[in-house]
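First up is the structure itself, then whatever we jot down about it.
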Amino acid sequence: MDNDSFDLVIVGGGLAGMVAGTRAAERGLRVAVLEKGTDQRYPCNSRWSGGIIHVASTDPKEPEAVLRAAIERNTRGFTDPALADVLVRDTTRVIDWLRAQGGRFIRAGVVAWQNWMMAPPRPLVAGLDWQGRGPDVMLRLLADRLRGFGGTLLLDTRGRGLIMDAGRCVGVEAEQSGVARRFAARSVVLADGGFQGNLAMLHQHIMPVPEQVKQRGAATGAGDGLRMAREAGAATTALDCFYGHVLCRDAMVNDRLWPYPELDAIASAGIVVNDAGARIVDEGMGGIHIANMIARSAAPLTATVVFDTQIWEGPGRSHRIPANPELVRAGATIHRAETLAGLARIAGIDANGLTRTVAAYNAACASGGLGSLAPPRSSDRFQPMPITTAPFVAIAACAGITNTMGGIRIDGDARVLREDGSAIPGLYAAGATTGGIEGGPFIGYVGGLSKAAVFGFRAAEHAAVTIRGMAQ
Ligand SMILES: Cc1cc2nc3c(=O)[nH]c(=O)nc-3n(C[C@H](O)[C@H](O)[C@H](O)COP(=O)(O)OP(=O)(O)OC[C@H]3O[C@@H](n4cnc5c(N)ncnc54)[C@H](O)[C@@H]3O)c2cc1C
């Protein structure tokens, strides 16, 4: 077995791991990033992402109070205040650091929360398109910078276990190209991206039938970091939520229909029903919530989004990569009919059930009685629109999971915490493998790239100070 010794070993080369590695190497640490992907442009959610760095759908350059309020709003207060404070304070700092490394950003459009998109942007069309786009360029830039600072990125190297000595993390056991290898380290950062790719863990913590939920990302997060951290005595946060979107069900078999377009805007303006034509979710909570609720149901492949021509021509066109017309271009099955009963028949929904549901929903839209619907329909975030203008439309939906929201419990310095709140010496975690900042009963979303970059950066800073006494 080979032996290697580093100051900092990082498990996972997504944005969290590459920011941690590059920053630590810049600060003089001997760094190795272990990445299980084999190709130079190994798949990960960071590389495949839209590349927009935001804080709770707000421009990170807004004043801290504005950002903090946005996190409170999205999570309805179910956030770890210490982590939220760090995210609010440091996202803009990390953007500036990425720019100093040579990273380029553009404004994605007129919406302020899209002011910090990694450049160049992906085209605004359906399907997956990442080669040469901003996040791919950013990760390759960070890999170059890491090497320039003397660090190492080791591909085909999967972290398998932590090496512990008297309660302190002192390295990683890994498998490199099929061969067992030990990496001694003064500190370790877990940055493996979540557990969305591990169906058994999804089943255990989030959804009854993960096979019927679309992987809306690279699916490389296999829960290794969470398992390793737990074995080392780490606490975890609630694990029951994920970041994802509502997709056309054809995405299960048609690769042109994921990760975009999302059905979120039409689902949260219209209704989401089951085969019996009954509503199954509070659509007013938005697409991420709806996707979680569909995934949690016993039969996730029976949800259908029902709406009308006004919604199709309004919210249907509102997203950067809009359902209308991108679904049509990508060959999605879209049912249209002049009557609701006719729509129900072609969409495979009970006609009486759907007609009753739409009548009650339309009446509630008119009277303001949305709270008495079952389930109640909120309207403070996404306005309901009545379903009255023919042709009526139905699109069979599925839940798309991008990454899990819960995970390893950390503090503001990204140190991994035990159940009693004490930090495990030498162990950090960052990015989608961690939890605490988002999720909760309302499935609040705060932002995957900001969380990854900020806590990767925090881990590097703390490790640098601890290992080298390099405090600025
Ligand atoms: C289509 C899409 C669009 C998105 N758009 C946005 C957006 O615009 N804005 C935003 O904020 N978020 C967005 N996200 C979410 C965001 O990409 C993620 O939350 C974020 O990138 C997570 O970063 P990470 O470094 O924690 O994980 P990842 O980027 O997933 O990286 C984890 C890495 O760890 C590696 N790994 C896993 N296990 C091991 C192991 N045992 N040993 C070694 N390596 C391992 C994986 O191969 C992977 O390379 C999007 C995601 C997708 C898929």
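The values are calculated or read from the model by the stated rules, or taken from the named source; none is laboratory data. Everything quoted here is computed from the prediction, not taken from an experiment. We place every Cβ from the backbone using ideal geometry, glycine too, and count neighbours over all the protein chains shown. For accessibility, only protein heavy atoms count, side chains too; no ligands or nucleic acids. Shrake-Rupley method; radii C 1.70, N 1.55, O 1.52, S 1.80 Å.
Ligands, DNA and RNA left out, the 1.4 Å accessible surface of the range 9-130 is 54% carbon and sulfur atoms.
Just to confirm a number: summing +1 for Lys and Arg and -1 for Asp and Glu over residues other than residue 463 whose beta-carbon lies under 14 angstrom from that of residue 463, what do you get? Spell out each step's value before the answer.
Numbers: positive: 23, 27, 30, 168, 186, 415, 458, 468; negative: 7, 26, 411, 413, 461.
Its environment carries a net charge of +3.
Using a 10 Å cut-off on Cβ atoms, rank the peptides 218-230, 310-322 from the highest mean neighbour count down.
Numbers: 218-230: 23.5, 310-322: 18.7.
In descending order of packing, they fall as 218-230, 310-322.
Summing charges over all other residues whose Cβ lies under 13 Å from the Cβ of residue 265, with Lys and Arg as +1 and Asp and Glu as -1, gives -2. Remark: relative contact order (the chain) = 23 percent; criterion is Cα-Cα distance under 8 angstrom and separation of 6 or more residues.
When you restrict to C-alpha pairs under 8 Å that are six or more residues apart and normalise by the size of the range 1-107, the relative contact order lands at 17 percent.
Going by average Cβ neighbours within 10 Å, how do the peptides 149-160, 389-400 rank, with the highest at the top? It would help to have the intermediate numbers written out before the result.
Details: 149-160: 19.2, 389-400: 22.8.
Peptide ranking by packing, descending: 389-400, 149-160.
Annotation note: chymotrypsin sites (Phe, Trp or Tyr not before Pro) in the range 1-98 located in DSSP loop regions with a Cβ neighbour count of at most 11 within 10 Å are absent. In the full protein context, the chain carries 36 Å² of accessible surface per residue, based on a 1.4 Å probe and ignoring ligands, DNA and RNA.
For a test of the definition: using alpha carbon positions, the gyration tensor, and the 1.5 limit on a/c, classify the range 238-316 as rounded, prolate or oblate. Rounded. Taking a ≥ b ≥ c as the square roots of the eigenvalues of the alpha-carbon gyration tensor, the chain is classed prolate because a/c is 1.5 or more and a/b outweighs b/c. Relative to the longest principal axis of the Cα atoms of the chain, the long axis of helix 287-296 lies at roughly 90 degrees. Between residue 253 and residue 64, the contour length at 0.36 nm per residue exceeds the alpha carbon distance by 63.7 nm.
Within straight-line reach of residue 451, meaning a Cα separation under 22 Å, sit the following lysines at least 8 residues removed in sequence or on another chain: 36, 61.
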